[in-house]
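Asks: I am attaching a structure below and will ask some questions about it afterwards.
Quick note: the coordinates plus some simple rules give every number you see, no bench work behind them. Just so you know, these numbers come straight off a predicted model, no measurement behind them. For neighbour counting, all protein chains shown are included, and Cβ atoms are generated from backbone atoms with ideal geometry for every residue, glycine included.
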There are 2 protein chains.
Amino acid sequence: MTNNSKSFSCPTPINQYDKILLAHGGGGTLMHNLIESLFKKYFDNDILKQGNDSAIIDYDKNTSRYAFTTDSYVVHPIFFPGGNIGALAVYGTINDLSVSGAKPEFISVSFIIEEGFPISDLEEIVISIKNAADNTGVKIVTGDTKVIESSYKLQDNQNKLNNINANIYINTSGIGIVYEDMRISPLNCKPGDAIILSGSIAEHGIAVISAREKIEFETEIKSDVNPVNRIVEEIEKSGYGRYIKVMRDPTRGGLTSTLNEIAKAGKIGIKIYEDKIPILPEILGACELFGFDPMYVANEGKLIAVVAGNYADKILKVIKSLPEGNKAEIIGEITDTNIQKVVMRTVLGNNRVLDMISGEQLPRIC
Amino acid sequence: MTNNSKSFSCPTPINQYDKILLAHGGGGTLMHNLIESLFKKYFDNDILKQGNDSAIIDYDKNTSRYAFTTDSYVVHPIFFPGGNIGALAVYGTINDLSVSGAKPEFISVSFIIEEGFPISDLEEIVISIKNAADNTGVKIVTGDTKVIESSYKLQDNQNKLNNINANIYINTSGIGIVYEDMRISPLNCKPGDAIILSGSIAEHGIAVISAREKIEFETEIKSDVNPVNRIVEEIEKSGYGRYIKVMRDPTRGGLTSTLNEIAKAGKIGIKIYEDKIPILPEILGACELFGFDPMYVANEGKLIAVVAGNYADKILKVIKSLPEGNKAEIIGEITDTNIQKVVMRTVLGNNRVLDMISGEQLPRIC
């Protein structure tokens, strides 16, 4: 992220709009401009400026560093192949802590529920949250519940309690302890560093849009919603934690937006190879059907790590030793050319600049 | 809070309903039953069980104890006399940390915004958030933005971007460092302890409902939205921190619900004196007009403290030395009779049992 809007493909100052658009939540340049021109302008401080997925709080040189993060989840539909909003809300926040180099420890869960929401659905979501927390060893230590009027009732008092489309929004915030060895920042990236991707892309976005559009495929398409904390823990245990420069989870805006964020914040170039990027054939097919570029479609269980070039093979081996990392690949490297840009060498041998998109292909994906 | 639903005035197990009602978010018995029968059932752990407004995290006996809390804010209307959703979201979370005996340090801010929301309103809210953080010395260290479809658009594609009633919801989570001296728990309360209330009641709820119903009064009615952190800090500085048994901020459900929570969780009785409870005459008048009992109306800048009886006058003096506490009063005491009940001696000399209400008089108050 940068104040230099020239580096974005579509420099649109927030003050050119007078209303919030769906695209302002899409993970692209519009969202970045909103963050820069409103939130960072007013909320400025040293910790916020770090610009990572979690804030790193360093109270006192004698004690641990803490990571603190927050995310609200508004995915629609709330149940989708491979998961639901509950698991997504826990894993999403666990992943933000993990890619900050932290071991997730404590989370909060806050519900905003529309009246008329089925309690049986709420129980199913609550069970998913519990299972996701148990699965990753985090404790849910505090929470909150608010109920709002049904959005269907705002214009129409009928069907108030038979609203089968009532919404639920979940905020999770999390605290983790940063691993001693890990110092995560895009500014650490140097030409020659390697970029590792932990698995195949675009599954979450395609699963959600398929559920939303009620489209079924021959091969079932499932969201990749999953925690990446074990991958980070395993790298730390292996002793290679100090060779990790930066990590991210490529959610909203997909792999391209995350790589652009790293290139811009780290003031380096990124080169990736299309033929190295893992993607399931059924996801590729679905992307063609929907007209989506999988490089921009959201993931919810993947990790990108920029690592020291001479340790890349060793770290890749550690990641591939885990089931959730067995499709990991070295997909590219940091370059001293094309500063603040992401360039992809296509399978046809061309170089394609992967711009950050303005809005998003898919609203309410997470 | 207790599993013994007999102690509630209206024991209604969650499974008697199959849909969420507005009253499930109201701070009364329905919300407590939802928490017990769903959230506590599945999310059970030692820290969550503390049942305070923040979780107290005690990593290691050699380092500080941390307080961690979360709240989502859905107040309607978002601008009301005395404040707006932004100040409310910051002060609400600061107050939850403060009444847990902690100095608020870091907060997260997460927005869920309906498309069509005016950016000028968003900027006004952001400025309120910044001012509230500056005013209390907390840092906003992490955040998130999601955009959802306008609720007006769900049934009707017209007026999509002219939606003057677009909603915004804000989650803030916060971290504080617990003061060395303070050990806050309803279980500390003993017969003879005194109950101090830091100021006059029912202002927030009445201000919001007046704005919602567009009713104006001769004397302007303003929300009391304000931080209580300075009161807690001043008590700590005075050396009386160790004589505080429990603190709460009486928000949703008002003074009565908060006192009932303390009585039930502490397994003690509470006696209060109606003539000691500060209330502005214009608020009393508005309550009569709306038909509300001020004892059940939300506050957003008040603190209840149960303190050792023989230090009550000294602590009251400390509180009254601050402008935000200059109307503080000792309103009652802890008793060994009427266990788990709140009894009010009325101005007419009768004893009235103040039950927790089932739902809430006012939805979307915070």
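Asks: Using only atoms on other chains, find how many Cβ atoms lie within 10 Å of each Cβ of peptide B:33-40 and report the average.
Replies: 4
Asks: For the range A:273-337, what is the per residue volume of the convex hull drawn over the alpha-carbon atoms, in cubic angstrom?
Replies: Taking only Cα atoms, the range A:273-337 has a hull volume of 111 Å³ per residue.
Asks: Using the Cα gyration tensor of the protein assembly as shown, with a ≥ b ≥ c the square roots of its eigenvalues, what is the shape: rounded (a/c below 1.5), prolate (a/b larger than b/c) or oblate (neither)?
Replies: Prolate.
Asks: Let me ask something else. Taking a label point 7 Å out from Cα toward Cβ, give me the nm distances from residue A:309 to the same spot in the other copies, shortest first, one decimal.
Replies: Taking the point 7 Å beyond Cα along Cα→Cβ, the inter-copy spacings are 7.8 nm.
Asks: Would you mind pulling out the separation of the Cα centroids of the range B:168-217 and the range B:36-105, in Å?
Replies: 11
Asks: About its Cα centre, how strong a charge dipole does the protein assembly as shown have in debye, to the nearest 20, once Lys and Arg get +1 and Asp and Glu get -1 at the Cβ?
Replies: Dipole of the protein assembly as shown, to the nearest 20 debye: 1260 debye.
Asks: So what is the 222 nm mean residue ellipticity for the protein assembly as shown from helices alone, if each DSSP H run of at least 4 adds -39500 (n - 2.57) and you divide by all residues, rounding to the nearest 500 deg cm²/dmol?
Replies: After summing the helix terms and dividing by the residues of the protein assembly as shown, the value is -7500 deg cm²/dmol.
Asks: Using +1 at the C-beta of Lys and Arg and -1 at the C-beta of Asp and Glu, which of B:88, B:112, B:122 has the Cα lying farthest in the positive direction of the dipole of the range B:51-178?
Replies: Farthest towards the positive pole: B:88.
Asks: I've got another one for you. Assuming a ≥ b ≥ c are the square roots of the Cα gyration tensor eigenvalues, decide whether the range B:181-359 counts as rounded (a/c under 1.5), prolate (otherwise, with a/b larger than b/c) or oblate.
Replies: oblate
Asks: For residue A:82, list long-range residues whose amide hydrogen, built 1.01 Å from N in the peptide plane, is under 5 Å from its own amide hydrogen.
Replies: Close amide H contacts, sequence-distant or interchain: A:223.
Asks: Tell me whether the range B:124-278 comes out rounded, prolate or oblate; compute the Cα gyration tensor, take square roots of the eigenvalues as a ≥ b ≥ c, and use a/c under 1.5 as the rounded threshold.
Replies: Prolate, since a/c reaches 1.5 and a/b exceeds b/c.
Asks: I've got another one for you. Using a Gaussian network model of chain A with C-alpha springs under 10 Å, which one of A:223, A:110, A:120 is most mobile by mean-square fluctuation?
Replies: In this elastic network of chain A, the residue with the biggest mean-square fluctuation among A:223, A:110, A:120 is A:120.
Asks: How big is the range A:51-178 along each principal axis, measuring the range of its Cα positions in Å and listing the largest first?
Replies: Result for the range A:51-178: principal-axis Cα extents of 60, 26, 23 Å.
Asks: Right, next: Of the DSSP beta bridges with both residues in chain A, give the percent that are antiparallel, rounding to the nearest 5.
Replies: 75
Asks: How big is the equivalent ellipsoid of chain B along its three axes, where each semi-axis is √(5λ) from the Cα gyration tensor, reported in whole Å from largest to smallest?
Replies: In descending order the semi-axes read 31, 24, 22 Å.
Asks: With r as the distance between the Cβ atoms of residue B:183 and residue A:322 and R0 = 60 Å, compute the FRET efficiency 1/(1 + (r/R0)^6) and round to 0.05.
Replies: So, using R0 = 60 Å, E works out to roughly 0.90.
Asks: Amide H of residue A:140: which non-local residues (sequence gap of 5 or more, or other chain) have their own amide H closer than 5 Å, using H built in the peptide plane?
Replies: Correct list: A:107.
Asks: Separate question: Between residue A:314 and residue A:217, what FRET efficiency comes out of the Förster formula 1/(1 + (r/R0)^6) with R0 = 35 Å and r the beta carbon distance, rounded to 0.05?
Replies: 0.40
Asks: So, one more: Let me know the mean shielding of B:44-53 by other chains, meaning the per-residue number of their Cβ atoms within 10 Å of its Cβ.
Replies: Counting other chains' Cβ atoms within 10 Å and averaging over B:44-53 gives 3.
Asks: Quick one: dipole size for the range A:289-366, taken about the Cα centre, charges +1 on Lys/Arg Cβ and -1 on Asp/Glu Cβ, in debye to the nearest 20.
Replies: Charge dipole of the range A:289-366: 180 debye, to the nearest 20.
Asks: Which value, in debye to the nearest 20, describes the size of the charge dipole of the range A:51-178 about its Cα centre when Lys and Arg Cβ atoms bear +1, Asp and Glu Cβ atoms bear -1, and nothing else is charged?
Replies: Value, rounded to 20: 220 debye.
Asks: Please average, across the residues of A:111-123, the number of beta carbons from any other chain that are within 10 Å of each residue's own beta carbon, and give a whole number.
Replies: 6
Asks: Okay, moving on. Show the residues, 5+ positions off or on another chain, whose built amide H is closer than 5 Å to the amide H of residue A:344.
Replies: Counting only residues 5 or more places away or on other chains, the set is A:272, A:352, A:353, A:354.
Asks: Check cross-link reach from residue B:214 to the lysines: straight Cα distance under 22 Å, and skip same-chain residues fewer than eight apart.
Replies: Here the lysines satisfying the reach criterion relative to residue B:214 are A:153, B:222.
Asks: Separate question: What aspartates and glutamates does residue B:19 reach when the alpha-carbon gap must be under 16 Å and sequence neighbours fewer than 8 apart in one chain are set aside?
Replies: A:114, A:115, A:121, A:123, A:124, A:149
Asks: Same structure again: What residue among B:108, B:151, B:173 has the largest mean-square fluctuation in a Gaussian network model of chain B, using Cα springs under 10 Å?
Replies: Comparing B:108, B:151, B:173 in the GNM, the peak value goes to B:151.
Asks: Would you list A:38, B:303 from fewest to most Cβ contacts within 10 Å?
Replies: Lowest to highest Cβ neighbour count: A:38, B:303.
Asks: Which lysines does residue B:139 reach when only Cα atoms under 17 Å apart count, and residues fewer than 8 places away in its own chain are ignored?
Replies: Reachable lysines: A:40, A:41, A:49, B:103, B:130.
Asks: May I ask you to evaluate 6.51 cos²θ - 1.76 cosθ + 1.60, the Karplus curve with θ = phi - 60°, for each residue of the range A:319-332 and list the ³J(HN,Hα) values in order in whole Hz, giving x for glycine and proline?
Replies: 5, 5, 6, 9, x, 6, x, 6, 9, 4, 9, 7, 9, x
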